[in-house]
Every structure is written in structure tokens, then in C-alpha cells.
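Novice: Take this structure, written in C-alpha cells, and hold onto it; I'll ask about it next.
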Amino acid sequence: FDSLEMQAQVRPSEGAFPAWTVGCGLATSVFIATVIAAVALDGQNVETSHAFLVNKAPVRMLPVRDFSPVLRQSLKGRASALEQEAVRTSVDDGSPIFLDDDKELGGFEKWCRLAGVRSAPLGHAMRAGRLGGVRGLYCTQHIVTGDMLVEVPESAVLRLQPNEPCPTDHQEVFGEFWEKYPDSNVRLGLKLLWERTKGDSSSVAGYVSLLDPEIAATAPFTWDEKDIDTAFGYYPAFRNSVLAQKQKWGMLTSDLPSNSGFEAEDLLWAMYTVASRAFEGDFGTPLWQAFVPGLPLVRELIGGTRTTVLLPLIDSANHNSNRSTELDFNPISRKFSLLATEDREIGDEVMISYGKHSNDVLLQRFAFVEENNPYDSFTIRGEQVTTFVGGTKTEFGPTTLLRNGKFRKGLEGVATIAAANGTSLDTKQVIRGVAEKLLNSMESTTFEELDSMHKRQAAEAFKNEKLRTVRDFLAAV
């Protein structure tokens, strides 16, 4: 799973910190005044774990609105009876079904207002999808490019600072575990668990109560090994990645202190919640540092510091690889803002891009498959190539096939090995041959032995997209 870590980047606001201001006496004063104005308007663009990177647009701030009743719907992972009925009755044109009669989340609306969360006219709704109901954020009014969609104050987020020490009140029980596992999934996961145990007294109680209590159960690494083999045996690279995550996270949770008060399942839930929802970026800058001439440039050159946060409501947006999204952090107001990068009509879903990722990453990290994903790929292991050309030992590393007919990493010497075994094939012919063999293997793969409908649906959706990817590769190579 380490190979799937998606690191965030931050682009300072344009023109906010020109390098020539370093050491310039009078110019420094002018510079600071300029920074105050520029940062107040622009903030810092944060490319998060969801990999946002778009052009800035003028922001037309919408009036502060109370959350409308349309936000009163279940965001919990367990589909309520109302949600299930919405999926059953969803019309063929895919119209969203707003769940504004669900009274379960009246507390969330109240918590958002008290926490200072602001929103454009958005609501959570269900829409029928290939894998059942898909919940997301939808427009309840027309939205213009540059509008603020969601604004969340820093006080309403759960965050982990770089090199943050274990909290004093948890040092005795968790201190050694905290130091042994510096990964943000572990540390922020622990902070999330500690907030959950506080119940209503937590400052983020309204957010924590809405998190999917069974999110980890939807991830392939939680399946038993037999099901993983059944679902992904035709694709050794992905199967092995899932098994490696299963082993690593299993060993980690087994190391949880016996007097922690948590079970292994609790930590798995928290870690996977962070892995699939957290945003990471250089937005931990103290206010005074924002006005030190040249410091932001220095921070950018040395890599800066990276903070990991869970952002209520913003992280409810679903993924689309073709969407561009802008998330700003204002170091003066200490607020995060999700901005619209295109006009949206009533009933349109507000989607963001988690990055240019293949379905391998999307399924393993986020537990879903994107249909017709332009960035999907298929990784062939070296031994598959060696076997095809008649070699006796693995001579090559993994090779990734792309939908546009290209493949990553070379197969130098493959033609020579093929010739030595009596076969006259060039590199492209070898790759085509391996890919065609893969198609036959995938097409004959079935999933009746999987023990749940969810697993069968996920495995089938994943296989269909891999078939699409390999077919597109063969058509373009």
C-alpha cells in the first residue's frame, strides 16, 4: 500500500511572495501590504491527497446560508431504509433523489452551523449506479464558476501536524506505538479514534458521527485470501499489492497496545478512513510566517511542512478523473474553501478529482471503480513476459500497459531472448502476445464463489475496466 501513497502539494497564491523582496528595505513594507491583500483574496491553493491542480478563478462568494433541510439525509455507510427506497425508485435518467426527510442527521446541520461551516446551495442525494446507490453532493440551485461551494474553518477539522508528538494525555499508553508508526494514516487515525470516544463532547462530534462505520469492510484488503485470489487471480500485480497491504496492516494492528481500549477493527476503520478521506498539504504555516519576506520561497524550495486534515463536507464529493477542482486554504482567516471551476445547474453533481489514478489505486484505496477511467492501466509482471518468450528465469521487471497503446518501462533484450528460443518477435509483438493471452484469461474469469454481492459486483466492475484497458491498448499499440 506504500506505493499508493498520494502526496499533496501546495502552490502559493500567484504573486504573493516574489523572491526579489528578500532583503529589500522599503520594498518589504510594500510587499507585506501586498501579501495581506493577495492572501486575503486568494489564500493558498492546496493540492491534496485528492490531487487538485487547476487555474484560479475570481471568487464570487455566496451569501452565508443556513443548511437547508435538504442536508438532512443519511451520510452513514449503512444504507438507511430511505436510501434503499431512493435507489429502488430512482428514475432511468439518473436524477438524484434528495433525502430531505431523514431526521437522523438534524444534529449534523446544527453542528455545521455552530462550527462555522458555510455552504453554497448543495445537498447530499442518492443516484442509482452500476454498483447500487451512489451518494454525493448535488446542486440545489444554479452555481457559477468561482462560487464558494464549501468553506470550513480550521477549528472544525481534525488535523495532524508534521512531526507532531503523541498527546500528553495519551503518552503513557500510546507513546511507544506512536513513535514506532509515524505514518499519517496511523497517527491521524488514532486522533480520530480518540475523538470518537469523546462522543458529543468532541469538537468534531458532528463530523465523526457521519463517518461510515464499515468503510474498511468494503476495501479488498479486508477480504480473506481465498476471495482475493478468486477476484484478482488473473491480475497478479494487483492481487499481490492487496495481499501486501493486508499483511502489513494486519501486523500493525496486532501491535496495538493491549490496554489501548481499542480492537484491531477499530484501528483498521480509522486508518482506512484517513487513507481514503484525508487531505494533505503545506497549510500548517503559522500566521507570522506568511509575512516574512522570502520565507514562503524558502519553504517551497526545501519542501515545506505537510499537514494532514479531515475536512467535513468537502470530503463528501465524489471522484471524476475528468473534473478539475480548486481547494484553497487562507492562512489569515484559517479557512479551507472548495471553489467551483465550472457552472453547474440544479441537479448536477459536484465532483472532484482524486488524481490521475488507475482503477488499481481507486479500488484499493477508495473502494470503488471508475467506469471508462482515462488513466486506467494494466501491469504485467516480468515472469509473464518471460514465460511467453520461452525464457527459463525472470529477466524483466513489471511493465505497465496504458490505454493509448504505450507501455511504461522498457523490455530491453526481450527480442534477443525470444530469438534464442526460436521465436522471431520484436518487443511490440511480445507485448501484444502477452496482452492477448491476458484477455483470454480475464474473459473466462467468473466470481460466483465470492461470498457477498458487494464483492461480486466490485470484482466484476474491476474486471470489465481491465478488459476495456487491455482492448484499448491492443487497438492503439
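The values are calculated or read from the model by the stated rules, or taken from the named source; none is laboratory data. This is a predicted model, so every value here is computed, not measured. Positions of Cβ are generated from backbone atoms using ideal geometry, with glycine treated the same way; all protein chains shown enter the neighbour counts. Side chains included, ligands, DNA and RNA excluded: accessible areas come from the protein's heavy atoms. Shrake-Rupley method; radii C 1.70, N 1.55, O 1.52, S 1.80 Å.
Novice: If a residue has to be more than 31 Å from the chain's Cα centre (by Cα) and part of a loop (DSSP other than H, G, I, E, B) to count, how many in the stretch 429-458 make the cut?
Specialist: First, pick out the residues of the stretch 429-458 that are more than 31 Å from the chain's Cα centre (by Cα): 429-434, 436-437, 440, 444.
When the remaining residues are screened for being part of a loop (DSSP other than H, G, I, E, B), the result is 444.
Of the residues in the stretch 429-458, 1 are more than 31 Å from the chain's Cα centre (by Cα) and part of a loop (DSSP other than H, G, I, E, B).
Novice: Report the residue count in the stretch 322-336 for those that are out of contact with any helix residue (DSSP H, G or I) (no Cβ under 9 Å at 6 or more places or on another chain), open to solvent by less than 40 Å² (accessible area, probe 1.4 Å) and of a type outside the set (D, E, K, R). Talk me through it step by step, then tell me what you get.
Specialist: Step one: filter the stretch 322-336 for residues out of contact with any helix residue (DSSP H, G or I) (no Cβ under 9 Å at 6 or more places or on another chain), giving 322-326.
Cutting the leftovers down to open to solvent by less than 40 Å² (accessible area, probe 1.4 Å) gives us 325-326.
Retained after the next criterion (residues that are of a type outside the set (D, E, K, R)): 325.
Adding up the residues that qualify gives 1.
Novice: Conditions first: (1) open to solvent by 10 Å² or more (accessible area, probe 1.4 Å); (2) modelled with pLDDT under 90. HIS124 passes all but one, so which condition is the exception?
Specialist: Going through the list (1) open to solvent by 10 Å² or more (accessible area, probe 1.4 Å); (2) modelled with pLDDT under 90, HIS124 breaks only (1).
Novice: Continuing with this model, one more query. Quick one: in the stretch 137-154, of everything that is surrounded by fewer than 17 Cβ atoms within 10 Å (Cβ to Cβ) and more than 22 Å from the chain's Cα centre (by Cα), which residue is nearest to SER203 (Cα to Cα)? Walk me through it before giving the result.
Specialist: From the stretch 137-154, those surrounded by fewer than 17 Cβ atoms within 10 Å (Cβ to Cβ) are 141-142, 144-145, 153; that's our starting set.
Keeping just the survivors that are more than 22 Å from the chain's Cα centre (by Cα) gives 141-142, 144-145.
Values: GLN141: 30, HIS142: 33, VAL144: 33, THR145: 32 Å.
Restricting to residues being surrounded by fewer than 17 Cβ atoms within 10 Å (Cβ to Cβ) and more than 22 Å from the chain's Cα centre (by Cα), the top hit is GLN141.
Novice: Then there's this: Return the pair list, or none, for Cβ contacts closer than 7 Å from residues in the stretch 320-338 that are without any contact (Cβ under 8 Å) to a residue 40 or more places away in the chain to residues that are open to solvent by less than 20 Å² (accessible area, probe 1.4 Å) and not hydrophobic (A, V, I, L, M, F, W, C), at least 6 apart or on different chains.
Specialist: From the stretch 320-338, the pairs are ARG323/SER353.
Novice: Of ALA418, ALA476, ALA458, which residue is open to solvent by less than 30 Å² (accessible area, probe 1.4 Å) and either at pLDDT below 90 or out of contact with any helix residue (DSSP H, G or I) (no Cβ under 9 Å at 6 or more places or on another chain) (or both)? Steps first, answer last, please.
Specialist: Working: ALA476 fails: open to solvent by less than 30 Å² (accessible area, probe 1.4 Å); ALA458 fails: either at pLDDT below 90 or out of contact with any helix residue (DSSP H, G or I) (no Cβ under 9 Å at 6 or more places or on another chain) (or both).
Of ALA418, ALA476, ALA458, the one residue that is open to solvent by less than 30 Å² (accessible area, probe 1.4 Å) and either at pLDDT below 90 or out of contact with any helix residue (DSSP H, G or I) (no Cβ under 9 Å at 6 or more places or on another chain) (or both) is ALA418.
Novice: Could you check the stretch 162-175 and list, in sequence order, the residues that are loosely packed, with under 14 Cβ neighbours inside 10 Å and under 13 Å from LEU188 (Cα atoms)?
Specialist: Going through the stretch 162-175, the residues loosely packed, with under 14 Cβ neighbours inside 10 Å turn out to be 163, 165, 167-169, 171-172.
Once the filter is applied, which keeps residues that are loosely packed, with under 14 Cβ neighbours inside 10 Å and under 13 Å from LEU188 (Cα atoms), the stretch 162-175 yields ASN163, PRO165, PRO167.
Novice: Conditions: (1) under 13 Å from the mean Cα position of the chain (by Cα); (2) closer than 30 Å to PRO236 by Cα. SER316 meets all but one. Number of the miss?
Specialist: The one condition SER316 does not meet is (2).
Novice: Please give the helices (runs of 4 or more DSSP H) falling wholly within the stretch 176-266 in which 1 or more residues are at pLDDT 95 or above. Full working, then the answer.
Specialist: Values: elements: 184-198, 205-208, 225-232, 236-254.
In the stretch 176-266, the matching helices (runs of 4 or more DSSP H) lie at 184-198, 225-232, 236-254.
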